[in-house]
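Everything on this sheet refers to the single structure shown next.
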Amino acid sequence: MLLGLVVGVLIVDRIYPLPARGADAGLVVVAEDGLPLRTWPSRDGVWRYPIRPDQVSPYYLQALLGYEDRWFYYHPGVNPIAMVRAASQWIRSGRIVSGGSTLTMQVARMIDPVLRQPGSRKVSDKLRQMARAVQLELHYSKDEILGLYLAHAPMGGIVEGVEMASRAYLGKPSAELSLADAALLAGLPQAPSRLRPDREPEAAQRARDKVLQRMADQGIWTAAEVADARIETVVAQPLRGRWLAPLAAERMRQQSSPGRRRAGVLQTTLSPETQSIVEHMLLDRVDSLPPKVSMAVLVMENDSLAVRAYAGSADFSDAKRYNHVDMVRGVRSPGSTLKPFLYAMALDQGLIHSESLLVDAPQSFGGYQPGNFQASFTGAVSVSQALQRSLNVPAVDVLDRVGPAYFASTLRSAGLRLRMPQGAVPNLSLILGGGGTTLEELVGAYRALAHDGLAGTPRMTPQAPRNEFRLMSPGAAFIVRDILEGGGQPDRAREGTERGIAWKTGTSFGFRDAWAIGVTDRWTIGVWVGRPDGTPNPGFFGANIAAPLLRDIVAALPVAPPMARVQPPSVARADICWPLGLPAETTAPEHCQVRRAAWTLDGAIPPTLPDRLGLGALLETVWVDPKTGLRTRPDCRVQGVPREQANWPSHLKPWLASQVGPSSLTPAWHPDCVPSGGLGNLRIVGLDDGATLQPVPGARELSVNVEVLNASGPVYWLLDGQVLNSDGTLGSNDAVIAGAESGNAPAQGDARSRRLRFASAGAHALTVLDEAGRYDRVPFQVRGLPPS
C-alpha cells in the first residue's frame with residue numbers, strides 16, 4: 001500500500017509539474033559589491049534580487065523562521081499540527097482564520113500562477129497549495145526552498161524578496177540587517193501593501209515590534225536586544241529606480257547567455273564609488289558642451305583588467321545627446337592616439353632610439369602630404385619630442401619605414417582592430433586616424449605601457465577570461481611611457497614621477513572626436529568627447545576638451561602606494577650625436593654637432609634614418625677652398641682640401657641655420673666650381689607634381705608650405721610665370737594669392753621656403769630658379785574654393 005502511495009505521488013507529480021523555476025524572474029545587474037546598477041522587472045512587473053540563505057543576515061533568518069515557521073527544517077512541506085489547528089478554527093468560526101501555512105506552502109503560493117490569483121482562499125486552493133508544497137520538498141532541498149522565499153516574498157509595491165526590499169527601502173544589503181531591520185522585513189509579507197515602510201511607517205513599526213516580541217517570547221533574542229531594537233524608528237526611502245552605469249548594465253544584459261539571465265543576477269566588475277565619481281564629473285561638465293555633444297569614459301584596473309567605471313554617454317537622461325548610444329563601443333577615428341604604439345614598434349625593430357633624429361618638415365610620401373595640427377613645422381626633432389608634441393610628419397615617416405600592414409596586424413593581434421572602408425588596405429593615414437577603433441580597445445592597448453608591454457581585453461564580469469597580448473617589449477613600454485610621462489630624458493630628476501600619468505591626446509579630422517588616454521601604475525583611463533552622429537565640433541580637440549577631464553578623473557581615483565619603477569635590463573642610457581645618431585664616444589668631435597642623452601633598447605644605437613631624397617650619405621667627403629671656405633671639386637682649378645662632413649637630412653636644411661648654426665650647413669659652391677649637368681638638381685618639396693589641393697570643410701582659403709632643396713645662391717619663385725616677391729606680392733595684381741610668408745632662411749640667398757595662401761580655385765604652376773640656372777617646376781590644381 002505504501003508503494004502504491006509513492007507511485008501515485010510520482011504520477012501526479014509528472015502530470016502536474018511545478019512551474020518552471022526562474023522563467024519570469026526578471027534581471028538585476030549588480031556592481032562588484034552587489035549594489036544593483038539597473039533592474040529589469042519580471043513579466044509581471046516585479047523587481048527581484050535572487051539571493052542564497054548564506055548571503056543573508058542570520059538575524060533575518062532567525063526572525064523569519066521564528067515568526068513564520070519554527071519547524072521548517074523538520075516537516076515535509078506541510079505541518080500537520082498547524083493544519084489541525086487551522087481546521088479546528090475554521091470549523092468553529094465557519095471561515096478561515098489562520099492558514100496553517102508553512103514557509104514551503106507560502107513558496108508554493110508564490111510560484112504557482114493559480115494560487116497567486118486574488119481570492120484564492122477556498123478549501124480546494126488550500127489543498128492545491130499543500131500538494132505543491134509536497135512537490136517542492138520532493139524536488140528541492142530546504143535551503144533551495146528558503147532561497148525561493150527570499151527571492152519571491154512580497155514586500156510591497158513592485159518589490160519582492162528580502163535583498164531587493166533591503167536595498168530599496170533601507171539602502172543596504174540584506175547581509176547587513178540589524179535586529180530591527182530583520183524584524184521589519186520578516187513581518188512585511190504578512191500585509192505588504194498595508195505595511196509598506198515608505199508609506200505607512202507607523203503600521204510597519206507596530207508589525208516589526210510584534211515580530212520582536214515573538215522573538216523575545218521564544219527566547220531567540222534576549223530581552224535586552226529586543227528593547228534596543230524597539231528604540232529604532234522605522235525610516236525607509238521611497239521606491240524609485242536608481243540607475244548607475246545604465247549602458248554598461250544594458251550591455252551585460254544583451255551579452256549574457258539565457259542561462260545566466262534566468263539566474264536573475266548578473267555581477268559586473270564595476271566599482272560603485274568609482275562609477276559615481278565618473279558620472280558626477282560628466283554631469284558637471286555636460287552643460288558647458290554644445291548641444292548633441294556626448295562624452296564617454298572607461299576606467300580599467302591594470303593588474304586585473306577589471307573595468308571599474310563605464311560611462312557610455314554623458315547624461316543618460318538627455319535624449320538630445322544620444323543618451324542610449326554607447327560610445328565606449330562606438331567605432332571612431334582615433335586621431336593621434338596610436339602614435340605611442342608606432343614608436344614602440346620602431347624601437348623593437350631597432351630603427352630608432354628615444355633621441356633619434358627625425359624630420360618635421362613638409363614632405364610627400366608617395367603623394368600623401370601630411371601636415372601638423374598647428375599647421376607649422378619645427379625642423380629637427382627627436383623621437384621623444386615628436387611623440388610628446390604629437391607631430392604628424394615624423395610619425396608618417398616612421399610608419400612608412402615600419403610598414404602600415406605590419407603596424408595594423410600587430411595592433412590587431414593585441415586586441416586593437418583598425419576598421420577601414422571595404423576593400424581598403426593599411427596605408428600611411430592609419431597613424432593620423434585613418435582607421436576606426438573603439439575607446440574600449442584603446443584602453444586595453446594602452447595598458448601595455450604600464451604592464452611590461454602586455455595589452456589586455458577589459459573584463460566586465462568576474463567570470464570573464466583574462467586575455468593578455470604582447471604588443472611591445474617591456475623595454476619599449478618603459479621608454480614610451482617615460483616619454484609620455486616626463487619627456488623621456490634619462491638625466492631628468494625622477495622625484496615624484498612614479499605618481500605621474502603617461503597620457504596622449506588625439507583629435508580626428510574635422511574635430512569630430514577628441515580623445516585622451518592615460519596610464520598610471522594602477523589604472524588605465526580613456527576619455528572620448530564628440531557627437532555620436534559624427535558631426536564636426538570646431539575647436540574641440542583632445543588637449544583642451546578631453547585631457548582636463550582625464551586629469552580630474554585620475555586625481556579622484558583611489559590612491560595606492562607608489563610602485564618602484566624598475567628599469568628593464570634591456571634599457572640603457574647612452575649619449576648620442578646628431579646628425580649621425582651614433583654613440584658620442586665613437587663620433588668625431590666635428591661630427592657631433594648636437595649631443596643628446598637617449599634611452600636605448602637591447603644595446604642598439606641605430607644611425608639616423610636614411611635621407612628620403614637620397615641626396616647624400618650620412619658621411620660624405622667634400623673639398624673646401626681654405627681661403628674662401630667655399631666648396632670645390634677635385635677636378636676644379638681652385639684647389640680644395642678634402643674633409644669628411646656629417647650630413648643632415650635634406651629636408652632640414654631650411655631650419656639648420658637657426659636650430660644648429662651656420663656650421664651645420666654645407667658650404668656654398670665656389671663660382672668657378674659649380675657643377676654642371678645633373679649634379680645636385682633643385683627640388684621643390686611640399687607640393688607634388690599634378691597635386692590637387694582642397695581646403696578643410698568650411699574653410700574659405702587654404703595654405704601650403706613649399707621649400708626648395710639644394711639651391712645655390714639667391715633663388716627666385718614664380719607663380720604662373722609671375723615673380724613671387726619676398727613680401728608675398730606678385731608681379732601684377734592677382735587676387736588668387738592672399739599672401740605669402742617667408743620661412744627661416746640660410747645665410748646665403750633669398751628665402752628657401754614660402755607659404756602660399758589661396759582664396760579661389762584654379763590651375764597653377766610654381767617654379768623656382770637659382771643663379772646657376774637650375775630650376776624645378778610643379779603644376780597643381782586648387783579646388784573646393786570659388787573660381788577666380
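The values are calculated or read from the model by the stated rules, or taken from the named source; none is laboratory data. Being a predicted model, the structure only gives us computed values, none of them experimental. Cβ placement follows ideal geometry from the backbone for every residue including glycine, while neighbour counts extend to all protein chains displayed. All accessible areas refer to the heavy atoms of the entire protein, side chains included, with ligands and DNA or RNA removed. Shrake-Rupley method; radii C 1.70, N 1.55, O 1.52, S 1.80 Å.
Observations on the structure shown:
- Filter result for the condition that a residue is in contact (Cβ under 8 Å) with a residue 60 or more places away in the chain, surrounded by fewer than 21 Cβ atoms within 10 Å (Cβ to Cβ) and touching a strand residue (DSSP E or B) at 6+ places or on another chain (Cβ under 7 Å), over Leu439, Leu428, Leu449: Leu428
- For the condition at pLDDT 95 or above, among the acidic types (Asp, Glu) and buried (at least 22 other Cβ atoms within 10 Å of the Cβ), Asp397 qualifies.
- Set Arg321, Arg260: member being farther than 30 Å from Arg389 by Cβ, crowded, with 19+ Cβ neighbours inside 10 Å, more than 19 Å from the chain's Cα centre (by Cα) and at pLDDT below 95: Arg321
- Across region 566-582, the number of residues qualifying as in contact (Cβ under 8 Å) with a residue 40 or more places away in the chain and open to solvent by less than 70 Å² (accessible area, probe 1.4 Å) comes to 9.
- Pairs where the first residue, in region 303-324, is more than 21 Å from Pro458 (Cα to Cα) and the second is assigned to a loop (DSSP other than H, G, I, E, B) and of a type in the set (Lys, Arg), C-beta under 8 Å, 6+ apart: Lys320/Lys292; Arg321/Lys292; Tyr322/Lys292; Tyr322/Arg531
- In region 620-635, the residues that are aromatic (Phe, Trp, Tyr) form Cβ pairs under 6 Å with partners that are open to solvent by less than 60 Å² (accessible area, probe 1.4 Å) and part of a loop (DSSP other than H, G, I, E, B), at six or more places apart or across chains, as follows: Trp623/Gly640.
- Residue selection: Gly530 satisfies the criterion of being open to solvent by less than 10 Å² (accessible area, probe 1.4 Å) and within 21 Å of Gly330 (Cβ to Cβ).
- Where Ala183 falls short, out of the listed (1) over 21 Å from Ser42 (Cα atoms); (2) open to solvent by 10 Å² or more (accessible area, probe 1.4 Å): (2)
- Pairing residues of region 195-211 that are touching a residue at least 60 places away in the same chain (Cβ under 8 Å) with residues that are among the small types (Gly, Ala, Ser) and open to solvent by less than 30 Å² (accessible area, probe 1.4 Å), at Cβ distances under 9 Å and at least 6 apart in sequence or on separate chains, gives Val211/Ala63; Val211/Gly66; Val211/Ala182; Val211/Ala183; Val211/Ala186; Val211/Gly187.
- Which listed residue, of Leu266, Leu247, is farther than 22 Å from Ile525 by Cβ and not in a loop (DSSP other than H, G, I, E, B): Leu266
- The set of residues from region 596-613 being touching a Ser or Thr at 6+ places or on another chain (Cβ under 9 Å) and more than 22 Å from Arg481 (Cα to Cα) comprises Pro607, Thr608, Leu609, Asp611, Arg612, Leu613.
- Test: residue in region 724-739 that is crowded, with 19+ Cβ neighbours inside 10 Å, modelled with pLDDT of 80 or more, out of contact with any helix residue (DSSP H, G or I) (no Cβ under 6 Å at 6 or more places or on another chain) and of a type in the set (A, V, I, L, M, F, W, C): no
- Residues of region 354-381 satisfying the condition of being under 28 Å from the mean Cα position of the chain (by Cα) and over 17 Å from Ala543 (Cα atoms): Ser354, Pro370, Gly371
- Residues being in contact with a Leu (Cβ under 7 Å, 6 or more places away or on another chain) and more than 17 Å from Met252 (Cβ to Cβ) - total across region 313-326: 2
- Top-ranked residue of region 621-665 - restricted to ones that are in a helix (DSSP H, G or I) and among the hydrophobic types (A, V, I, L, M, F, W, C), ranked as surrounded by the fewest Cβ atoms within 10 Å (Cβ to Cβ): Ala657
- Within this structure, Arg253 passes the test of being in contact with a helix residue (DSSP H, G or I) (Cβ under 9 Å, 6 or more places away or on another chain), surrounded by 14 or more Cβ atoms within 10 Å (Cβ to Cβ), more than 29 Å from Ile545 (Cα to Cα) and of a type in the set (D, E, K, R).
- Those residues of region 191-219 which are farther than 27 Å from Gly34 by Cα and open to solvent by 70 Å² or more (accessible area, probe 1.4 Å), in sequence order: Arg194, Glu200, Glu202, Arg206, Lys210, Gln213, Arg214, Asp217
- Among the residues making up region 275-312, those that are under 16 Å from the mean Cα position of the chain (by Cα), open to solvent by 10 Å² or more (accessible area, probe 1.4 Å) and within 18 Å of Ala249 (Cα to Cα) are Glu279, Arg308.
- Members of region 544-597 that are in contact with a helix residue (DSSP H, G or I) (Cβ under 6 Å, 6 or more places away or on another chain), over 20 Å from Pro649 (Cα atoms) and not acidic (Asp, Glu): Ala556, Pro562, Arg565, Pro568, Ser570, Val571
- Residue within region 43-50 that is under 30 Å from Ser271 (Cβ atoms), hydroxyl-bearing (Ser, Thr, Tyr) and at pLDDT 65 or above present: yes
- Figure legend. Inter-residue proximity from region 235-248: first residues in contact (Cβ under 8 Å) with a residue 40 or more places away in the chain, second residues open to solvent by 20 Å² or more (accessible area, probe 1.4 Å) and of a type in the set (Gly, Ala, Ser), beta-carbon distance below 8 Å, spacing 6+ or different chains. Indicated pairs: Gln237/Gly171; Leu239/Gly157; Leu244/Ser276.
- Against the conditions (1) within 15 Å of Val402 (Cβ to Cβ); (2) open to solvent by less than 10 Å² (accessible area, probe 1.4 Å), Asp348 satisfies every one except (2).
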